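To keep things clear, I will list the structure first and then write my remarks on it.
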Amino acid sequence: VKPYPTGAPADFSNSVGLYRISSEISATQGQVNEALTFKLRISGKGNLKLLNAPNIDFPNDFEVYEPKTNEKIAANLEGMSGYREWEYILIPRYPGNYEIPQVSFSYLDLGTKKYKRIASNPINVSIEGSVMDSKGGVIVNPKNDVTLLNKDIRYIESEWNQGQSIRSFSAASKWFWLLVMLIALGF
């Protein structure tokens, strides 16, 4: 086994082969609180099963869920080939123009025995709309506190309303013991 050549890039993750990278988003224009799907795909020849999702610096105003991994990998006499894809659900919480930055990936090219870095193109996204819910309800943003709109939080009543009556059916009542006796006699 030969050692890796010296001068490996900082983001090198021991990937050896010949790869391509691409990214796409479901829409470049969207509304506040409506989901977008971002896909990042690394394809080519090499041990694709060892690839992990690259770190992506999504905009702070986006809620980002854990990616779903899709893959199609074939093994033959020449090695493994195919692709590995990560699908992210993004929910923009505020209007504005955002950029999903390029994602870079470094690998060792066996043909040239040199390290190569490939990168996807950055994607610009325009988000429109208002942060306020049209129904005047609560908007939850996990990165911030809950924002309540148009009304106050209803509190739990701590006083007993004497006008209401609730029947008690506890172990201290005669009806409880009568029911227990009837069930025992039934058996």
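Let me spell it out: the conditions are (1) more than 30 Å from LYS113 (Cβ to Cβ); (2) in contact with a helix residue (DSSP H, G or I) (Cβ under 8 Å, 6 or more places away or on another chain), and GLY82 meets all of them except one. Which number is the exception?
GLY82 satisfies all of (1) more than 30 Å from LYS113 (Cβ to Cβ); (2) in contact with a helix residue (DSSP H, G or I) (Cβ under 8 Å, 6 or more places away or on another chain) except (1).
Taking the stated definitions as given, is SER126 modelled with pLDDT of 55 or more, in contact with a Gly (Cβ under 8 Å, 6 or more places away or on another chain) and within 26 Å of PHE58 (Cα to Cα)?
yes
Restricting the search to region 83-133, which residues are in contact with a Lys or Arg (Cβ under 8 Å, 6 or more places away or on another chain), more than 22 Å from VAL32 (Cβ to Cβ) and open to solvent by 30 Å² or more (accessible area, probe 1.4 Å)?
Those that are in contact with a Lys or Arg (Cβ under 8 Å, 6 or more places away or on another chain), more than 22 Å from VAL32 (Cβ to Cβ) and open to solvent by 30 Å² or more (accessible area, probe 1.4 Å): TYR83, ARG84, SER104, ILE118.
Counting just the residues of region 26-38 that are of a type outside the set (A, V, I, L, M) and surrounded by 15 or more Cβ atoms within 10 Å (Cβ to Cβ), which one comes out nearest to ASN52 (Cα to Cα)?
This residue is PHE38.
Pick from SER23, SER15: which is touching a Gly at 6+ places or on another chain (Cβ under 8 Å), open to solvent by less than 50 Å² (accessible area, probe 1.4 Å) and either assigned to a strand (DSSP E or B) or under 30 Å from VAL131 (Cα atoms) (or both)?
SER15
The values are calculated or read from the model by the stated rules, or taken from the named source; none is laboratory data. What you see is a predicted model; the values in this text were computed from it and never measured. When we count neighbours, we look across all protein chains shown, and the Cβ atoms used for this are built from the backbone with ideal geometry, even at glycine. For accessibility, only protein heavy atoms count, side chains too; no ligands or nucleic acids. Shrake-Rupley method; radii C 1.70, N 1.55, O 1.52, S 1.80 Å.
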